[in-house]
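Okay, structure first, notes after.
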Amino acid sequence: MSVFGVIQDVINENKFVFYLFFGFFIGFIALRQYLYGTRYTGTARLDDKTVIITGASSGIGKEVAKNLAKRGAKVILACRDLEKTNKVVYAIKRQVRDAKIGVKHLDLASLKSIRQFAKDINQNEERLDILINNAGVFYCPDDLRTEDGFEMQFGVNHLGHFLLTNLLLDLLKKSAPSRVITVSSNAHESTGVTTYSLHPGVVRTNISKYLRQQHFFSGPIIDLYLVLPLFKDSEQGTSTIIYCAVDESLEKESGNYYRECLKTMPAKQALDDGVAKKLWELSEKMVGLT
């Protein structure tokens, strides 16, 4: 009997198991393709534009930096780990001829560091066309605090970027039309600075390091072989960020939320103007803007 015949006999004797496995496999592939989402293919150039990207030493930020450098932008990587980020710059310069890319120190867990960074930018940069608030932490241990005593996730993801954006706002206005892309909405008036909030998708990056350390998934086998293959890689996770940063169709839009390169509705809580106002005022007090 041929090998094909043996396989056919095995399938006939175990049809239920075969169809169950086959259905699971097809479903897994379909779910993965759905989660991988849309790829942005726009070709807009950014010559003579200056871009700042926080958290660009790895993952999505690194890939966004490479993409925008290819488009001709001057890209400033604002990161805490200078040694690691300088390696990223070296790698990008090897891939992107004549890339205009550099590194400046920024620790979003330190209000002092944020103020020093913003002072440096305001004094030494003539313009700022795009600010991409990309850095973030997730599922931090309860006792982990910023330099100023804030809970780490709230301190870095929200307060750090809140202060940074406000300190750079005058330069952004001066460079208008300019854009702020961030994972938390900043409600500025109509000043020539347009703002975009977005979800890049579920992406395999270092943001989940605390998740893995605390065994959030049921085990390393499930983590590695079932969960991670469903996530986007870093390059796939850049699409909506780049779309919001460069797409010319968005020039007149501001304050919207995007997913998979499409405008969509955020969570209900994000539409509560009263809560947003209270958060804004509280944030101003916490970072010393009032």
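Tabulated values for the structure
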item: Spatial extent of segment 49-88: Rg and Dmax, with the Cα atoms as the point set, Å; result: 9.2, 26
item: Nearby lysines by direct alpha-carbon distance to LYS277 (threshold 28 angstrom, same-chain neighbours under 8 apart not counted); result: LYS112, LYS119, LYS173, LYS174, LYS252, LYS263, LYS268, LYS285
item: Reachable aspartates and glutamates, given that their alpha-carbon falls under 20 Å from the alpha-carbon of LYS70 and they are not under 8 places away in the same chain; result: ASP47, ASP48, ASP98, ASP129, ASP233, GLU235, ASP247, GLU248
item: Förster-model FRET efficiency, 30 Å R0, LEU279 and ASP143, C-beta, rounded to 0.05; result: 0.80
item: Percent carbon-and-sulfur accessible area, segment 95-140, ignoring ligands, DNA and RNA, probe 1.4 Å; result: 42 percent
item: Inter-probe distance in nm under a simple model that places probes 7 Å from Cα toward Cβ, at ASP48 and LYS70; result: 2.4 nm
item: Calculated FRET value between GLU125 and GLN153, using beta carbons and R₀ = 22 Å, to 0.05; result: 0.15
item: Label-point separation in nm, MET265 to LEU82, each point 7 Å along Cα→Cβ; result: 4.8 nm
item: For segment 173-181, 3J(HN,Hα) per residue [Karplus equation, 6.51 cos²θ - 1.76 cosθ + 1.60, θ = phi - 60°, Hz, x = Gly/Pro]; result: 4, 4, 9, 3, x, 10, 9, 10, 10
item: Cβ-defined net charge surrounding LEU250, 13 Å radius [Lys, Arg +1; Asp, Glu -1]; result: -1
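The values are calculated or read from the model by the stated rules, or taken from the named source; none is laboratory data. Every value quoted in this text rests on a predicted model; they were computed, and no experiment measured them. Cβ coordinates were reconstructed from backbone atoms using ideal geometry, including for glycine residues, and neighbour counts include every protein chain displayed. To get the accessible areas, we keep the full protein, side chains included, count just its heavy atoms, and leave off ligands, DNA and RNA. Shrake-Rupley method; radii C 1.70, N 1.55, O 1.52, S 1.80 Å.
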